[in-house]
Every structure is written in structure tokens, then in C-alpha cells.
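The values are calculated or read from the model by the stated rules, or taken from the named source; none is laboratory data. Please read all numbers here as calculations on a predicted model, not as lab measurements. As a convention, Cβ positions derive from the backbone with ideal geometry for all residues, glycine included, and neighbour counts pool all protein chains shown. For accessibility, only protein heavy atoms count, side chains too; no ligands or nucleic acids. Shrake-Rupley method; radii C 1.70, N 1.55, O 1.52, S 1.80 Å.
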Amino acid sequence: MRAQAPPTITPPFGYGPIVALQREDRVLLPRGATPEFCRGVNALALSASEFTAASRDYPIAFACGEDGRFAPVVLLGLADKQNLFIGPGGDWDPASYLPAYVRRYPFCMTRVNVSGKEQPERIACVEKRALSAAGDALYDDKGEPLPVWETMRKLLFEFEADLARTEALCKIVIELGLLEPFHMQAKPDGGEPFTLTGMFRVNEQKISALAADQLKELVKNGVLPRIYAHIMSMSNFSKLLSRRATRAKSAEKAEANA
């Protein structure tokens, strides 16, 4: 009999190696500061149900991955590896919406590949380096989930379910031909002009050209409100420029006082 290959688990972007979560595991949960990987990214994945909340603080754009799939992202900075929402101490700006991608850390849901084939069921996983005897217990002595895990587990399952709705949203806007590439040009006061490229957005004029039954379907499936949240969020590029300027001035002041 041929031995079966051990299952492989691919970690999400930003995570180190992950393992399936066990009831007896103790986990080092974040205390204030955001995960280290968040400090060096200028965009993070966003799920469909987050569009309204995220649109108040961030530009929401669509990105095309190496696999050719489109996905919505929140833009956090105007340069590579720049997150303008994290302060010097590593804390996310408390006045801004914190994406679920960050809130779920160090946990995630994933599918397992066995002998190169993706299995249909999803399992709860945790980043391996978060496991520690000094960490928090997730279950009590009777094997019942503790409140800290109940809250996180709910977030994990809701986020995972919402990712499926997000894929459906992207499929719809692509099939209707609503996406178009765009770039953002800016010239900060006293700085060099720069251009952001590689992003996609919904063309509002193409929405107006849709047939009545297509618009009705977009309303019915909840896609249209999210499209307009995305369109309205484009004005938040000015907020990113303001944050960039504030950070630059703080850096100049710190250098002058050094």
C-alpha cells in the first residue's frame, strides 16, 4: 500500500507557518500592538461586509493577484511597505476601522491539501510561533470554549463566510465589465510627485449604462451599496496624503531634535 502524503497547510499572507488548532493549545494573544507584518504593508484584503465601515477611513480598490483573480483591498499607504495607520509604538490608529484580517490574528481558517488535492472542509489554524505554555487557554477543563475563543471563533467563521460573498461580488463586477485600471498621481507640498499604479476601480458611468434588470439584481444581492461605498472611498486618498505629510513633519522634527 502506498503511503499517503502528509497534509500541507498554506498560511495566509503575512503569517508564518501555521498549524491546526488543538483544544489543549495555549496561545499568545495580541496585547495592544498590531501584528508585525501589518507594519510593512500598504494594502490588506477586505471582505464584502466591511466595505461601509472601511470606506470612512481608507480608499478601497480592487487588486489582481498572480492567479488572475480580483479581490478588494484597503489602501494603507502611498509607498511600498508603508502603513500610515500604525504609530511608532505599533498600535493601529484607534480612530480608524481595524480590518478583520488584522483582528483575527494569530488565527485563520484554511483548507488542507492532501496529496496535492484541496479538501472541501476548512479548519481553524493558528500561527505556530503564537503557541506557548505561557499563552492563554482557549478551552476550560471541561473542554468548553472560553469567552476569548468564542469571540474569536465567531469572527473567524463570519470572515470566512464573507470571503465567499466577496468572491461572488468580484465575479459580478467582472462579468458586467465594471472594473477599469486606474492610477493616482499626487504632488505633496514641497515634495516630489509620485504615481500609484496597479489598481482597479468600478467605472461609475458603466453602472449608469446597465439595464434595469441588472441594476435590480445588484440591489437585490447587496452588491450595489458596496460598489458605491467603494466609489465614495476614493476621496480618502486625500486622507492618506495628509497622514503622509504629518508623518514626514514628525520625522523631520525628531531628526532636528536628535
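Examine the range 239-254 for a residue that is at pLDDT 95 or above and under 23 Å from the mean Cα position of the chain (by Cα), and state whether such a residue exists.
No, the conditions are met nowhere in the range 239-254.
Let me confirm something: among Ala100, Ala61, which residue is open to solvent by less than 10 Å² (accessible area, probe 1.4 Å), under 19 Å from Ile18 (Cα atoms) and within 18 Å of the chain's Cα centre (by Cα)?
Selected residue: Ala100, the only one of Ala100, Ala61 that is open to solvent by less than 10 Å² (accessible area, probe 1.4 Å), under 19 Å from Ile18 (Cα atoms) and within 18 Å of the chain's Cα centre (by Cα).
Looking at (1) closer than 24 Å to Ser132 by Cα; (2) in contact (Cβ under 8 Å) with a residue 60 or more places away in the chain; (3) of a type in the set (Asp, Glu), find the lone condition where Glu36 falls short.
With (1) closer than 24 Å to Ser132 by Cα; (2) in contact (Cβ under 8 Å) with a residue 60 or more places away in the chain; (3) of a type in the set (Asp, Glu) applied to Glu36, the lone miss is (2).
Restrict the check to the range 146-157 and report whether at least one residue is among the aromatic types (Phe, Trp, Tyr), farther than 28 Å from Arg103 by Cβ and open to solvent by less than 90 Å² (accessible area, probe 1.4 Å).
Within the range 146-157, none of the residues are among the aromatic types (Phe, Trp, Tyr), farther than 28 Å from Arg103 by Cβ and open to solvent by less than 90 Å² (accessible area, probe 1.4 Å).
Which number in (1) in contact (Cβ under 8 Å) with a residue 60 or more places away in the chain; (2) not in a loop (DSSP other than H, G, I, E, B) marks the one condition that Ala134 misses?
Exception for Ala134: condition (2).
Can you tell me which residues in the range 30-58 are buried (at least 16 other Cβ atoms within 10 Å of the Cβ) and of a type in the set (Asp, Glu)?
Glu50, Asp57
Being at pLDDT 95 or above, touching a Lys or Arg at 6+ places or on another chain (Cβ under 9 Å) and small (Gly, Ala, Ser) is the filter here; which residues of the range 77-120 pass it?
Ser96, the sole residue that qualifies.
Name the helices (runs of 4 or more DSSP H) wholly within the range 164-258 that hold at least 3 residues that are surrounded by 17 or more Cβ atoms within 10 Å (Cβ to Cβ)?
In the range 164-258, 223-233, 237-257 are the helices (runs of 4 or more DSSP H) which contain 3 or more residues that are surrounded by 17 or more Cβ atoms within 10 Å (Cβ to Cβ).
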